[in-house]
1. Give the residue, chosen from Ile56, Ile64, Ile50, Ile96, that is among the β-branched types (Val, Ile, Thr) and at pLDDT below 70.
2. Out of the residues in the range 67-82 that are closer than 21 Å to Met37 by Cα and of a type outside the set (A, V, I, L, M), state the one that is modelled with the highest pLDDT.
3. Within the range 27-47, count every residue that is of a type in the set (A, V, I, L, M, F, W, C) and more than 13 Å from Leu8 (Cβ to Cβ).
4. Restricting the search to the range 15-42, which residues are among the basic types (Lys, Arg) and touching a Phe, Trp or Tyr at 6+ places or on another chain (Cβ under 6 Å)?
5. So which of Leu31, Leu72, Leu63, Leu46 ends up being of a type outside the set (Val, Ile, Thr), over 17 Å from Val4 (Cα atoms) and surrounded by 14 or more Cβ atoms within 10 Å (Cβ to Cβ)?
6. In the range 23-41, what residues are of a type in the set (A, V, I, L, M, F, W, C) and either at pLDDT 85 or above or on the phi > 0 side of the Ramachandran plot (or both)?
7. Are there any pairs with C-beta distances below 8 angstrom linking a residue in the range 23-50 that is free of Cβ contacts under 8 Å to residues at least 60 places away in the same chain to a residue that is polar (S, T, N, Q) and assigned to a loop (DSSP other than H, G, I, E, B), with the two at least 6 apart or on different chains, and if so which?
8. Restricting the search to the range 28-74, which residues are among the hydroxyl-bearing types (Ser, Thr, Tyr) and within 18 Å of the chain's Cα centre (by Cα)?
Amino acid sequence: MNIVSTVLNKLFNKLFSVDVKIKVLPHARTLPIPRYMSDGAAGFDLYAAIADQITIPPFETRLIPTGIMIELPRGYELQIRPRSGLALNNELSETIRSDKGFGSTGI
């Protein structure tokens, strides 16, 4: 397990008092660690693990990789939501839910 994965695992386990395992994939090791970006923030900011800019045409969807894999314990779910300003200004309202299992996380 690399140092970024170790730091993320300690942070999540301290915050939630549950065993959450996080792996940072090789192509995402240079990305910032997901973290709260301001005091009082409700969630962490994630980053796109992409080499080039992606443009998504209207009415189309794309899966954008985050470069992390998260294993959740039974009975827990992960929700990925757009930041409120981004959602308001760009008409984004999708919530992504993932539950039990270990898989690559994308937006």
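The values are calculated or read from the model by the stated rules, or taken from the named source; none is laboratory data. Being a predicted model, the structure only gives us computed values, none of them experimental. Positions of Cβ are backbone-derived with ideal geometry, glycine not excepted, and every protein chain shown enters the neighbour counts.
1. Details: Ile56 fails: at pLDDT below 70; Ile64 fails: at pLDDT below 70; Ile50 fails: at pLDDT below 70.
Just one listed residue meets the conditions, Ile96.
2. Residue satisfying both the conditions and the ranking: Gly67.
3. We begin by selecting, within the range 27-47, every residue of a type in the set (A, V, I, L, M, F, W, C); these are 28, 31, 33, 37, 41-42, 44, 46.
Now narrow it down to the ones that are more than 13 Å from Leu8 (Cβ to Cβ): 37, 41-42.
Within the range 27-47, residues that are of a type in the set (A, V, I, L, M, F, W, C) and more than 13 Å from Leu8 (Cβ to Cβ) number 3.
4. Filtering the range 15-42 down to residues among the basic types (Lys, Arg) leaves 21, 23, 29, 35.
Residue satisfying the conditions is Arg35 alone.
5. Leu72
6. Taking the range 23-41 first, the residues of a type in the set (A, V, I, L, M, F, W, C) are 24-25, 28, 31, 33, 37, 41.
Correct list: Val24, Leu25, Ala28, Leu31.
7. From the range 23-50, the pairs are Val24/Asn2; Arg29/Asn2.
8. Kept after step one, since they are among the hydroxyl-bearing types (Ser, Thr, Tyr), are these residues of the range 28-74: 30, 36, 38, 47, 55, 61, 66.
If the condition is that a residue be among the hydroxyl-bearing types (Ser, Thr, Tyr) and within 18 Å of the chain's Cα centre (by Cα), then Thr30, Tyr36, Ser38, Tyr47, Thr61, Thr66 are the ones that fit.
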